[in-house]
Each structure stands twice: as structure tokens, then as C-alpha cells.
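Okay, structure first, notes after.
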């Protein structure tokens, strides 16, 4: 499919201007004539300015130019030609052309072509006025440029960045590198300094992982210009303070939704005794029957299996059906310790009666001032064994 009288030219952008220079037909469309060292640039297209990255295909169709990633270039070209084809097939005989010309006001010279013929810059298109919403502070900075950059172009300023030489950071970098997934590679926040160098403000673990491999041709970057290194450091602090980390329950529910085997198995055990998994970590927001101690359950399950976990949870479900499990983690761990290593052969019915010696609030009161999960679980274990001795066999 081709437009009548319209030729088509294509250029695939490889890395490096020297090895892959822009053809002559494309250079007039480069905004400001500026071409980055990696071959990317801004093009003035039919739809405004379009950034042409490495891996893109530039296309000239008639008098217009377009730039799309190679994976979608063919589809985009088909859409462009399909959209324009009806116009190309309209009758253009002399009578029709004269008729069309007769309806044009020849004294009107305010079109873009007339401006350029006079050596003037056409005025920008009128835009609707934005509503002045005084509830918010004025915007800061300038809109960023979204660019694909080779990992070797990106630098780290050790003056404000955290060290990634620690064990946890190296483990994270190794995990990202071994299991690279483009769907999880959010754009890195990058500062472009006065000399053109690029410094990563947020995303150094992703950068380190990409540099560890040899098959990552570029990283998506959100590039902005900051006034100074101090401004970069301030942005680094602000971004890390404002970021909301996933809590353990957010992580658990996300893992379960993603089909994680361990999370799915733990949820099945919890549901089997009539409990549900809470979505909030604050005990004041829990309701009766909600379990928030999924980490403790996971630890016991890995060591002692599903049976111990289910038995302890079932005993708690029977003992506290209408109470918020404010001391649930400590009671669960104490029950599991007694069941796994009892001081004497244990009678589970008697242990259940011992658990009923106090309601949940009273068990929680015994833990006031106690620090550390292990210490708290040990306190409940000792109190449970005392209550166990007091309960008639």
C-alpha cells in the first residue's frame, strides 16, 4: 500500500553517530540539529516533536517524518498509510482543483507556510487556558525527557548515594541481574549536568544489575536538569522519604495474588480454621478472626510443617472466636513451641483449657513492656505451662 505520488524512506538507528550517521533526507527534521552521541535526537514530526532512540526506525512518508520502535514500525506505517489513503484517491482534475482554490481567501497569509516564506517563526498553536487551582503550590522544575541510555553512559555520585557494597545490596543486584524482567524496570531518575554527564539519583541497583550483564542495550531514564549537585542530593533524600515501602502484609497478599506457592499454602491453612489474613499491620484496625502474623507462620511451617501450624491456629480459633488477636503472634509461637518440644507428654485438650484461663486482652497485658518477638513468645509459653499445671487433668 503506497500513497499516490508519495515516496517512503526508512532509517534504523543503531548505536553511535559515527557508525550509523543520519541520512541527508532526515537531517532537516532534527530539532536544533542536535544529535546525541548514541545517535538519538528529537524529530519534528507530523504530531509534534518525537524522540528517536537507539533501536527506533525513522520513516519519511511524503513530506512527513515519524519515529517508532522497530517492533511497532511496520504496524504504525500501515496505520499512517491507511489513514491517508482515502485522501490520496480523491479526484484531483483541473476543474476540482480550480473549484477548491476558488473557495480559499487568497489574502489570508497567516498559515505556517506564509510565515516561513517571510523568514518568520509561526506562532505556537493556541492552547486552552489551564485552570488556576490555588489549593496547590506552584509546580517546580521543568518536564523531564524520557530517554533510553546505555548503562555505560550513567554515573553514580558517591557524595550522596548509599553504598551498594553491603551484603543485602549485592544480593539484590545479583537477584535483579539473574532474573532480569523488563516489565519491572521502571525508568531511572537521572540528572543531566552542565557538561552533559548523566548521574543516577534513583535506580542504582538496576544500573548495577544491568552493568553486571552484557546484554542490556539501554535503560529507560527520566532525565531532568538540576541546578547543582546539592539539588540532586536534596531530591535523592526527598524521593526516599516519600516512598512508601510495602509492609509484610502487602507483600504477602501480592505474593498470593501472583500464585506464590508458600503464600498460597499459608493462606489455605489460615482459611481452613476459619481465620482470614488481615490487610493492615496496626492492631487497632484488626477485627476478630484476622491473622496478621504471616511471617511467624511461615517460619514455623518451614521448620515443623503444616500440621503444627494448623493445630496451633485451630486452638486459637476455638479459644478466641470473637476477639481481636492483639497478642496472636506470641500466643501462636508459644503454642507451637510447647507442641514441638513439650516438657512432658502434652494433652491438647488440657492445653486448650489452659489457653482459656485468660482472654486475649489479658494475655496481651502480660506482655506489656516486653521487647522482641522471641522474648514475648517465651513469656506466653511459661504462663501457658503454669496454667496447664493448674488445670485439672
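Label the range 248-390 by shape, choosing from rounded, prolate and oblate, from the square roots a ≥ b ≥ c of the eigenvalues of the Cα gyration tensor; if a/c is under 1.5 it is rounded, and otherwise prolate applies when a/b is larger than b/c, oblate when it is not.
On the way: a/c = 1.76, a/b = 1.41, b/c = 1.25.
Verdict is prolate for the range 248-390.
By average Cβ neighbour count within 10 Å, what is the ranking of 36-44, 234-242, 299-307 from highest down?
Details: 36-44: 18.9, 234-242: 12.3, 299-307: 14.0.
Peptide ranking by packing, descending: 36-44, 299-307, 234-242.
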Classify the range 145-242 from the C-alpha gyration tensor, please: rounded if a/c falls under 1.5, else prolate or oblate depending on whether a/b exceeds b/c.
oblate
On full extension of the chain, what length is gained from residue 120 through residue 268, given 0.36 nm per residue of separation minus the C-alpha to C-alpha distance?
46.1 nm
Relative contact order for the range 145-242, counting Cα pairs under 8 Å that sit 6 or more residues apart, in percent
41
Subtracting the Cα-Cα distance of residue 392 and residue 237 from 0.36 nm times their residue separation yields 49.7 nm
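Specify, per residue and in Å³, the volume enclosed by the convex hull of the alpha carbon atoms belonging to the range 8-88. It would help to have the intermediate numbers written out before the result.
Numbers: hull volume 6.5 nm³, N = 81.
With only Cα atoms used, the range 8-88 gives 81 Å³ per residue.
In whole percent, what relative contact order does the range 8-88 give with Cα contacts below 8 Å and a gap of six or more residues? Spell out each step's value before the answer.
Details: 124 pairs, mean separation 21.8, N = 81.
The value is 27 percent.
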Cα-projected label distance for residue 344 with residue 76, points at 7 Å along beta-carbon direction, nm:
8.0
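Every number in this text was worked out from the coordinates using simple rules, so none of it is lab data. Note that the structure is a prediction, hence the values are computed from the model and not measured. Heads up, the Cβs are rebuilt from the backbone with ideal geometry, glycines too, and the neighbour counts pull from every protein chain shown.
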